[in-house]
1. Roughly how many Å is it from the Cα centre of segment 56-75 to that of segment 231-250, as a whole number?
2. For ILE212, ILE264, ILE99, ILE90, what's the fewest-to-most ordering of other Cβ within 10 Å of each Cβ?
3. Lys/Arg Cβ at +1, Asp/Glu Cβ at -1, dipole of the chain taken about the Cα centre: which of GLY192, ASN151, TYR162 is farthest positive-ward?
4. Using a Gaussian network model on the chain with a 10 Å cutoff between Cα atoms, which of ASP39, ASP61, ASP262 fluctuates the most?
5. Can you give the FRET efficiency to the nearest 0.05 for THR149 and GLU15, using r as the Cβ-Cβ distance and R₀ = 30 Å?
6. Relative contact order for segment 58-126 using alpha-carbon pairs under 8 Å, separation at least 6, rounded to a whole percent?
7. Using only the Cα atoms of the chain, what semi-axes does the equivalent ellipsoid have when each is the square root of 5 times a gyration tensor eigenvalue? Give whole Å, largest first.
8. Choose one answer from TYR62, TYR89, TYR47: the residue with the largest mean-square fluctuation in a GNM of the chain with alpha-carbon springs under 10 Å.
Amino acid sequence: MIGNITNYLGKPFYEAPNCAIYNVDCLDAMRRIPESFVDLIVTSPPYNIGKEYEQILPLDDYLSWCEKWIAEVYRLTKCGGAFWLNLGYISIPNRSKAIPLSYLLWNRMPFFLVQEIVWNYGAGVAGKRFFSPRNEKFLWYVKDSLSYTFNLDEVRDPNVKYPNQKKNGKIKVNSLGKNPSDVWQIPKVTSGTNRSSRERTPHPAQFPRALIERIIKASSNIGEIILDPFIGSGTTAIAALQLDRSVVGMEVNTGYCQITADRIERFLTAPQQMRLLEGEFE
Ligand SMILES: C[S@@+](CC[C@H](N)C(=O)[O-])C[C@H]1O[C@@H](n2cnc3c(N)ncnc32)[C@H](O)[C@@H]1O
């Protein structure tokens with residue numbers, strides 16, 4: 001499993017069975033790991049928009065930094081493996097208020113792009129002179145366009161409108177549900193006194209766990225190794241452990257590493273029923 005990761009990266013900031021979290025710069029750390037080490041990478045990098053965990057770079061510098069860490073992601077991905085990259089929007093003075101980062105990055109890597117998934121996250125800021133933004137993208141890449149994991153039955157949507165519809169006398173709809181499509185409606189993690197999500201941590205850009213669970217189920221198998229080089233509050237780790245995968249997380253900020261470590265501890269010590277239903281939530 002991930003036992004030998006310590007040969008390359010040393011002692012982790014936090015470890016648990018099938019889990020190692022490193023307080024590192026991910027570019028430096030990934031360069032120390034041998035090729036073809038992981039089955040699936042799921043991540044959301046800084047978007048260069050001035051969040052508390054990033055320093056804004058000139059656009060060209062930001063894009064070339066992305067090229068460098070994505071090149072390492074490519075090298076580390078096994079032959080049948082996949083890379084799921086979450087990207088939002090940036091503004092470019094005098095050119096665009098909100099250009100999708102995916103337009104600028106999608107072809108700066110040797111992966112094969114299978115699909116763009118639209119994550120429609122529900123609540124958000126209200127626009128006055130533009131439509132209220134309600135989506136981010138996931139770019140789903142694979143290393144080998146002819147051979148990759150896609151466990152559709154694991155992620156089918158049981159909410160079917162006409163479950164008894166027939167064709168030539170046979171029920172047409174798959175009994176496990178329908179294909180969930182390339183638009184995913186999954187609420188974002190919210191803050192606020194009365195509307196805070198139960199899974200919320202102090203991290204300012206936390207993924208909802210349901211989103212990452214769908215990706216991990218669809219694109220990997222039990223026992224495989226998942227890497228998140230920008231793990232933030234540890235959502236990818238919680239989702240991977242819940243689904244019996246192994247996980248390596250990297251995070252440059254020590255405070256966020258601690259949030260991740262505490263969250264995994266809480267998750268691992270929660271009764272099984274809680275973990276399944278609500279995970280680590282209070
Ligand atoms: C968009 S957030 C990820 C949030 C995460 N998906 C979650 O659910 O909490 C990006 C994270 O990358 C971290 N980061 C920024 N530069 C980094 C680097 N060079 N190496 C590792 N982590 C980095 C930031 O501190 C931040 O926590």
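1. Answer, in whole Å: 23.
2. Details: ILE212 26, ILE264 22, ILE99 14, ILE90 19.
Placing the least packed residue first, the sequence is ILE99, ILE90, ILE264, ILE212.
3. TYR162
4. For the chain, modelled as a Gaussian network with Cα springs under 10 Å, the answer is ASP61.
5. Numbers: r = 26 Å, r/R0 = 0.88.
Once rounded, the FRET efficiency stands at 0.70.
6. Numbers: 33 pairs, mean separation 18.6, N = 69.
About 27 percent, as a whole number.
7. Numbers: eigenvalues 153, 121, 94 Å².
For the chain, the ellipsoid semi-axes come out as 28, 25, 22 Å.
8. In the Gaussian network model the winner is TYR62.
Just so you know, all these numbers are worked out from the coordinates, no wet-lab data involved. Fair warning: this is a prediction, and the values are worked out from it, not measured in the lab. Counting neighbours? That spans all protein chains shown, and the Cβs are built from the backbone with ideal geometry, glycine included.
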